[in-house]
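Written out below as structure tokens is the structure these notes cover.
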Amino acid sequence: MGFHYNADAAMLETALTFGDTIVNACFQRLEFWMLVATNCGIWYCWQAGFIDRQSEVLDLQWDHMKVSAGLLTFFIVFYTNQTFSRYTKLYQLTRSILSLLIELTSEMQLRIYESHARRKSMKYIYAGVSVFFFELVLLFEDDTVAWPEVTHLPTYNFLTEREQQYLMQYPGSKSFLVLHWGLMDIRKQLGRSRERYLKGFEDKVYKIRQNSQDIVDTLNLPMPFPYYHILNVMLTMNLSLWAWTMGCHDSALAPLIFFVSSLIFLGMKELAADLSNPFGTDSVDFPTDLWLCMTYNSSVQFMEHSEEFQLELESDELWGAPLLPLSTADMVDEEARSQLMEDAENSPSRSFHDSALRVTDDISDAETASHEDDDDDSE
């Protein structure tokens, strides 16, 4: 999985890394090797004299390709930029769901007193999110599997066998149904006397549902097919003409240049296609299983061990003395302090300058008083 990488690595080391890159996807494309073979064949025919070098009919200069190459570059960069914006939006929505799980765990710890009741409610919530990520892969990544063929849901034993069987037959949104089960169980554990706290849980669970719906809506709105179609037409036309132009060249490096150029442009298209749906098993896809596991482990640690250490409240007498401002002597050197005061003097707002002087005087007085107290204590 290539989600994390070392940005400080050497340029050559990074360039020669092929694992979890788009290069492998390009090498698996038949059209890539067909274009490379066509270019090598044209170059061989040119060197062997099978192509008339004096013919103006087949002569194609690189200057003739500048307009179409420029248009292709614009189209593919715009397409990649749009898919990356979509990628970052999906990332923020996914991480927001996981953050809400932590917040729900904290609120359960505060509002639900029985530990067994907290565990049961938390398992429903985590099972609902787990089923949602499974639904995304099933709906948008693996088209070969239909719901009736699924025999097991990845709920990590959060649900009983009876609950899973019922869920498999449920025709609506399975993930939201499990989340609703969690809310029903929370309401039961709160009871009528503390039902006013249910609103806090509802807000977070409905925010999870809203983010989930936003993810589905975003995945259902890819780049319009006419744009994707014209992009592929331009890519095919340009690479085919480049294969001829670079093949009709005396340099032995011409096939290598075409190989690299084709790899870059086809790789950009493959990368944009992978970014458009980051839920799956591609190198740029989100590790949702890992994220959910880490979030669940954090919730378990918080829920099971946060009460083991009880804070001992200090006596109120210790807080009878007034609070003193922190010393800035170690934070800002004398030169920086002078610059700050000079900026305050030149500020158009005189009140800001006066406030800065008062704060500085107060800090100095407090430091002096603190040192005097220390001297008295030492004597």
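Please treat every number below as a calculation from the coordinates, not as lab data. These figures come from a predicted structure and were not determined experimentally. Positions of Cβ are generated from backbone atoms using ideal geometry, with glycine treated the same way; all protein chains shown enter the neighbour counts.
Could you check how many percent of all C-alpha pairs in region 194-237 are farther apart than 14 Å? When all Cα pairs of region 194-237 are counted, 68 percent exceed 14 Å. Label-to-label distance, Met65 versus Thr80, with points set 7 angstrom from Cα along the beta-carbon direction: 1.8 nm.
Classified by the C-alpha gyration tensor, region 170-248 has a prolate form. Its axis ratio a/c, with a ≥ b ≥ c, is 1.5 or above, and a/b is larger than b/c. Which of rounded, prolate, oblate describes region 214-293, given a ≥ b ≥ c as roots of the alpha-carbon gyration tensor eigenvalues and a/c under 1.5 marking rounded, otherwise prolate only if a/b is larger than b/c? It comes out oblate by the Cα gyration axes. Taking only the C-alpha atoms of region 1-105, Rg followed by Dmax gives 22.6, 78 Å.
Evaluate E = 1/(1 + (r/R0)^6) for Tyr227 and Arg194, where r is the Cβ-Cβ distance and R0 equals 56 Å; express this FRET efficiency to the nearest 0.05. So the FRET efficiency works out to roughly 0.55. Comparing His64, His116, Thr21 along the charge dipole axis of region 1-150, the residue lying farthest to the positive side is His116, per the Cβ-charge model. Stretched out straight at 0.36 nm per residue, the stretch from Asp52 to Ser251 would grow longer than its current Cα-Cα span by 69.9 nm.
Whole angstrom only: what separates the Cα centroid of region 1-66 from the Cα centroid of region 76-120? Using only Cα atoms to place each centre, the spacing works out to 41 Å. Here the Karplus relation 6.51 cos²θ - 1.76 cosθ + 1.60, evaluated at θ = phi - 60°, turns the backbone of region 86-92 into coupling constants of 5, 4, 5, 5, 5, 5, 4 Hz, with x for every Gly and Pro. Straight-line reach from Lys188: taking Cα to Cα under 26 Å and skipping same-chain neighbours fewer than 8 places apart, the lysines in range are Lys120, Lys123, Lys174, Lys199, Lys204, Lys207.
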